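Take a look at the structure below.
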Amino acid sequence: MPSVTRPNCLIGKSVLLCGTVLALSGCQGGVLDAQGPVGANDATMLIDALFIMLVIVVPTILVAFWVAWRYRSSNTNAQYMPDWSYSGRIEAVVWAIPILVIMFLGGVIWIGSIRLDPFRPLPSKTPPIEVQVVALDWKWLFIYPQQGIATVNQLVIPAGVPVHFMITSGSVFNAFFIPRLGSMIYAMPGMTSQLYLQADHPAVLLGESAHFSGDGFSDMNFEVHSVPEGSFASWVAQARATGAALNRASYASLAQQSHSVKPYTYRAVDPQLFSAVASLRIAPAPGPVPEGPTHAGRELTPAGRL
């Protein structure tokens, strides 16, 4: 019998694996197509949770079909028990299986929450790159305090090196998310969030806003370029040679509402700018205001009202 059981087991595993691969084949570029350690752990946790929940879903579907077939009107052998009201065995199964599933899911989430704590540095022999992130209407500002430069709607990072993000908002609540690197984090005015991410290989990735924030929300995306360390140093040198300086005056202009902003760089940055934005020493922008014919050409008050 072992010679029969083992091939059947292998066939079952192969079918399950093929089904999983086919189901995920359309996920290229999404959260399951991870490009870094955090994204890989996120994807693993999602897949583990999926299989744990299938332990309930698949048998429930099969039992539903079996009951419909077993108790069809043409089956005179099905036992009819109009006075039946209780079964301890059925109650035990009905309650035990969901409790076990919840325990398994809770364990997976608990372990993942500790392992993927956004404040927890990633293990690496290389010190992390510092990047300060400010969510605006409707664009992203990235400040590199160690390099003294800044970018708008473009994030360039060295591959294989951890990146430590400090995240805040210069307007309303938003959410910073690079799906293939993992861990969506809120950007909140007057507060600073932290996040550690890493891209393992050179690639061009999509970053986006994951929280609705007004008319320009759909265009609030940014490019993430993961490049070799040598190319990153060359890019920093090039950014320092061109563009304007980012200070409080130029930040005030940048903070105004704008749509579909093309990426560009600042050659120098006020080192206290991010701290001033995060601590509200620089007042936040008025936030999203409906745009349309009735608002065209009319100025906003500091409160953001017409």
Those residues that are farther than 17 Å from TYR186 by Cβ and surrounded by fewer than 16 Cβ atoms within 10 Å (Cβ to Cβ), I need them from the stretch 203-220; list them, please.
ALA203, VAL204, LEU206, ASP215, SER218, ASP219
Out of ALA92, ALA96, ALA159, which single residue is of a type in the set (Gly, Ala, Ser) and in contact (Cβ under 8 Å) with a residue 12 or more places away in the chain?
ALA159
Using the structure shown, decide if ASN174 is of a type outside the set (A, V, I, L, M, F, W, C) and surrounded by 19 or more Cβ atoms within 10 Å (Cβ to Cβ).
yes
For the stretch 255-285, name all the residues that are surrounded by 16 or more Cβ atoms within 10 Å (Cβ to Cβ) and more than 18 Å from VAL131 (Cα to Cα).
ALA255, GLN257, VAL261, ILE282, PRO284, ALA285
Which of the residues spanning the stretch 232-270 are in a strand (DSSP E or B), of a type outside the set (Ser, Thr, Tyr) and within 28 Å of PHE217 (Cβ to Cβ)?
ALA244, LEU246, VAL269
If we scan the stretch 143-151, do we find a residue that is out of contact with any Phe, Trp or Tyr (no Cβ under 8 Å at 6 or more places or on another chain) and either part of a helix (DSSP H, G or I) or loosely packed, with under 11 Cβ neighbours inside 10 Å (or both)?
no
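Conditions (1) in contact with a Leu (Cβ under 7 Å, 6 or more places away or on another chain); (2) modelled with pLDDT of 95 or more; (3) among the β-branched types (Val, Ile, Thr); (4) in a loop (DSSP other than H, G, I, E, B), marked per residue:
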| residue | (1), (2), (3), (4) |
| --- | --- |
| LEU155 | no, yes, no, no |
| MET166 | no, yes, no, no |
| ARG180 | yes, no, no, yes |
| TYR186 | no, no, no, no |
| GLY207 | yes, no, no, no |
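Could you tell me which residue of the stretch 103-126 is nearest to GLY39 (Cα to Cα), considering only residues that are among the hydrophobic types (A, V, I, L, M, F, W, C) and surrounded by 12 or more Cβ atoms within 10 Å (Cβ to Cβ)? Please lay out each step first, then the result.
Taking the stretch 103-126 and keeping what is among the hydrophobic types (A, V, I, L, M, F, W, C), we get 103-105, 108-111, 114, 116, 119, 122.
Still in the running and surrounded by 12 or more Cβ atoms within 10 Å (Cβ to Cβ): 104-105, 108-109, 111, 116, 122.
Details: PHE104: 21, LEU105: 19, VAL108: 16, ILE109: 15, ILE111: 15, LEU116: 9, LEU122: 12 Å.
The selected residue is LEU116.
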Would you confirm whether any residue within the stretch 104-116 is in contact (Cβ under 8 Å) with a residue 60 or more places away in the chain, β-branched (Val, Ile, Thr), assigned to a helix (DSSP H, G or I) and out of contact with any strand residue (DSSP E or B) (no Cβ under 8 Å at 6 or more places or on another chain)?
yes
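The values are calculated or read from the model by the stated rules, or taken from the named source; none is laboratory data. Given the structure is predicted, the values throughout are model-derived calculations rather than measurements. Because the Cβ atoms are built from the backbone with ideal geometry, glycine has one as well, and the counts that use them run over all protein chains shown.
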